[in-house]
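The values are calculated or read from the model by the stated rules, or taken from the named source; none is laboratory data. Here the structure is a predicted model, which means the values were calculated and not measured. Counting neighbours? That spans all protein chains shown, and the Cβs are built from the backbone with ideal geometry, glycine included. These area figures cover heavy atoms from the full protein model, side chains too; ligands, DNA and RNA do not enter into them. Shrake-Rupley method; radii C 1.70, N 1.55, O 1.52, S 1.80 Å.
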Amino acid sequence: MTDKVVVHLIAAARPNFMKVAPLYHALMANDNFDVRLVHTGQHYDANMSQAFFDDLGLPQPHHYLEVGSGTHAEQTGKVMMRYEETAMKERPDWTVVVGDVNSTAAVAMVCAKLLIPVAHLEAGLRSGDRSMPEEINRLVTDTIADLLWTPSPDADENLLKEGVAPARIELVGNIMIDSYELMRERIEATDTAVQLGVAGERFGVVTLHRPANVDARDSLELLTNQLLKASEQLKLVFPVHPRTRKSLENHGLLDSLLSSSRIHLAEPLSYIEFMSLVRGAVLAVTDSGGIQEETTYLDIPCLTLRPNTERPITVTQGSNRLIKPVELLDNIQTVLAGEWPASQCPDLWDGRTAQRCVESLEKYLNAASAA
Ligand code: UD1
């Protein structure tokens, strides 16, 4: 039996894999920890999951829970039932959850009831919009996690306002920047624009997957029409999330995009391919959380098609702006005219966040053993 501290690291959906990877590598490099990767299976398509494991040097998970898709309750419930079984068998000393997907909150709830301490990486972010499933997941997870690792001071302020004890909060910085730095050489050696046949042209990169944007016909149709108009100004490359592809098909909107010569639709890309594309883009149009941060780091104009953001620092310091679909064309023109404000990189977005998490965990363990 090992004397090491056994840590379960939970990965579930595409944006989790990037966050888990630097922490996995940093914990593995420390002799005090024995890390077990748990994949809940929320994302399961090869290009939504395995491609990320391959890119990020993650091993096959120690536990694969195979929950798949479903309604929120089905997905959350399945993760709880399956992770409870795993956690009861293996009794980790700590469990680390990341981000704000359904699996994040589900695992945190299981741990809280089994008295397994939980750390939440990317804690404290708040959009203030409880109609977003992620906001509910953030609130639930932060209420019950023992250790809250935050990316920026606004997150600390949110938690303090909610009455969280300062001792539970640790500002560690943005883990997504660690992922980028971990892969920088390979990203810079890749040219996705060439692979996709758009080399030598100026282009914008588009991603859309938020239910509020893509599920209902009205909003999706409006966005599709705006993208078609915008593409007359700037060629667009659009890797399509499976949720969005299904909705485009169901609402009969896919063909208009497919028939445009100015919009290049692609399958979801791996992490390295996608970051190579963003690096080469004139701007990003997105409703993703992570891309708001990555573009701030890379100083690429980001037009976020949402009424709010849980990452306000990307607007106050970074290159991100929240826009309505009808404002897309004007904003693209501002970028093309070279009038977009430059980004300032927030503090602690420096590629050393995973190391700070490991130090924080060690500090917590030492304090607990001294008590
Ligand atoms: C989830 C997260 C969201 C995150 C996003 C990134 C929640 C509530 N949402 O949204 O915060 O930004 O991941 O991608 O946790 N599907 C596939 N193959 C897959 C995965 C999903 O085809 O590998 C399709 C299925 O039709 C599924 C739908 O996408 O029903 C939605 O998947 P789901 O995991 O429920 O949510 P996402 O929209 O991916």
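Choose one answer from L159, L222, L23: the residue with the largest mean-square fluctuation in a GNM of the chain with alpha-carbon springs under 10 Å.
L222
Would you mind pulling out the separation of the Cα centroids of segment 83-130 and segment 30-63, in Å?
16
So what's the gap between the Cα centers of segment 181-255 and segment 309-362, to the nearest angstrom?
Taking the Cα centre of segment 309-362 as reference, the centre of segment 181-255 is 19 Å away.
Amide H to amide H under 5 Å from L171: which residues, 5+ apart in sequence or cross-chain, H placed 1.01 Å off N in plane?
T150
Would you kindly state how much longer the chain becomes between E201 and L160 on full extension, computed as 0.36 nm times their sequence separation minus their alpha carbon distance, in nm to one decimal? All intermediate terms of the calculation are to be shown ahead of the outcome.
Values: separation 41, 0.36 × 41 = 14.76 nm, distance 4.72 nm.
Result: 10.0 nm gained on full extension.
Against the longest principal axis of the chain, how steep is helix 133-144, in degrees 0 to 90 to the nearest 10, with axes from Cα atoms?
The angle comes out near 20 degrees.
Before I look further, what does the chain give for accessible area per residue, probe 1.4 Å, in whole square angstrom? Display every interim value, and only then the final one.
Working: 15230 Å² over 371 residues.
So the chain comes to 41 Å² accessible per residue, rounded to a whole number.
Using packing as a proxy for protection, rank 200-211, 100-111, 180-191 so that the peptide with the highest average count of other Cβ atoms within 10 Å comes first. Working shown, then result.
On the way: 200-211: 19.7, 100-111: 27.0, 180-191: 16.3.
Descending mean neighbour count gives 100-111, 200-211, 180-191.
Ignoring ligands, DNA and RNA, please state the percent of accessible area on the chain from carbon and sulfur, probe 1.4 Å.
On the way: 7710 of 15230 Å².
Carbon and sulfur atoms account for 51 percent of the accessible area of the chain.
Within the set K78/K363; K19/K235; K89/K246; K161/K246; K19/K229; K4/K113, which residue pairs have Cα atoms separated by over 28 Å? Numbers along the way, then the final one.
Numbers: K78/K363 34 Å; K19/K235 30 Å; K89/K246 38 Å; K161/K246 40 Å; K19/K229 35 Å; K4/K113 23 Å.
Too far apart for the 28 Å limit: K78/K363; K19/K235; K89/K246; K161/K246; K19/K229.
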